Amino acid sequence: MSEVAALLRELGVTPAQLRRRGLKRYPEARLLTPVGLGTDGRDKLLQPTAARAWLAMRDAAAGDGVTLLLISAFRSADYQMRLLRDKLGRGMTLDEVLRINAPPGYSEHHTGRAVDIGVAGVGALEPAFDTTPAFAWLRDRASRHGFAMSYPKGNAQGYLYEPWHWCWQRPRG
């Protein structure tokens, strides 16, 4: 049994549940590069092409007077599992947790292409991020850098609205 399958089994997440929500399995990035410290003071890593795109986007925003803070980037399946265990340990139900976090193996963060972005003055990972100039800047310009917001309101995967979560999309070719 694969490591991800074992983690899903531990949680009690079935293949049928994953299919119903249309969740996609994501492999973990193997090659990662540092992109600086996150808001937690820890080094953040991204897949090299996504890293270059993130740094270019962050610098372009800064040039327009907008500061984008990096909250989260690459996460392993094991780290994702720790996030879920922590929430379950605080008394949340599995259904509540899976509206907030992807199950291990199913997070875009595993790819090294996803970033969670914040700004000073607004709590990290809060829907109020969408009221900020940074969100307006991202909405209007992130696609120029290859980034798209993954989980808008009413998203098909059943996640809560995440205006802070943006994923670099591989060029089609």
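Rule-based calculations on the coordinates, nothing more; no lab input. The structure presented is a predicted model; accordingly, all values stated were derived computationally and were not measured. Neighbour counts run over all protein chains shown; Cβ positions are idealised from the backbone, glycine included.
What to note about this one:
- Among the residues of region 33-51, those that are over 13 Å from Val115 (Cβ atoms) and not polar (S, T, N, Q) comprise Pro34, Leu37, Asp40, Gly41, Arg42, Asp43, Pro48.
- Among the residues listed as Ser150, Ser143, the single one being of a type in the set (Ser, Thr, Tyr), over 25 Å from Val4 (Cβ atoms) and not in a loop (DSSP other than H, G, I, E, B): Ser143
- Counted residues, region 45-61 - those being touching a residue at least 60 places away in the same chain (Cβ under 8 Å) and over 19 Å from the mean Cα position of the chain (by Cα): 2
- Only one entry in Ala136, Ala148, Ala128 is under 21 Å from Gln47 (Cα atoms) and free of Cβ contacts under 8 Å to residues at least 24 places away in the same chain, namely Ala148.
- Of all residues in region 139-158, those that are of a type in the set (A, V, I, L, M) and under 14 Å from the mean Cα position of the chain (by Cα) total 2.
- Considering (1) without any contact (Cβ under 8 Å) to a residue 60 or more places away in the chain; (2) among the charged types (D, E, K, R); (3) touching a helix residue (DSSP H, G or I) at 6+ places or on another chain (Cβ under 7 Å); (4) loosely packed, with under 13 Cβ neighbours inside 10 Å, the lone condition that Asp64 does not fulfil carries the number (1).
- Filtered residues of region 67-119 (kept if without any contact (Cβ under 8 Å) to a residue 60 or more places away in the chain, of a type in the set (Gly, Ala, Ser) and assigned to a helix (DSSP H, G or I)): Gly89
- The conditions of being free of Cβ contacts under 8 Å to residues at least 40 places away in the same chain and surrounded by 11 or more Cβ atoms within 10 Å (Cβ to Cβ) are not met by Arg42.
- Residue list for region 129-173, filter: of a type in the set (A, V, I, L, M), under 15 Å from Ser107 (Cα atoms) and surrounded by 19 or more Cβ atoms within 10 Å (Cβ to Cβ): Met149
- Any hit, region 28-37, residues being among the hydrophobic types (A, V, I, L, M, F, W, C), buried (at least 19 other Cβ atoms within 10 Å of the Cβ) and touching a helix residue (DSSP H, G or I) at 6+ places or on another chain (Cβ under 9 Å): yes
- Every residue from region 3-30 that is without any contact (Cβ under 8 Å) to a residue 60 or more places away in the chain and either in a loop (DSSP other than H, G, I, E, B) or touching an Asp or Glu at 6+ places or on another chain (Cβ under 7 Å) (or both): Thr14, Arg30
- Arg25 vs. criteria within 30 Å of Ala120 (Cβ to Cβ) and either under 17 Å from the mean Cα position of the chain (by Cα) or aliphatic (A, V, I, L, M) (or both): no
- Residue that is farthest from the chain's Cα centre (by Cα) [pool: residues in region 103-126 that are closer than 14 Å to Phe74 by Cβ and β-branched (Val, Ile, Thr)]: Thr111
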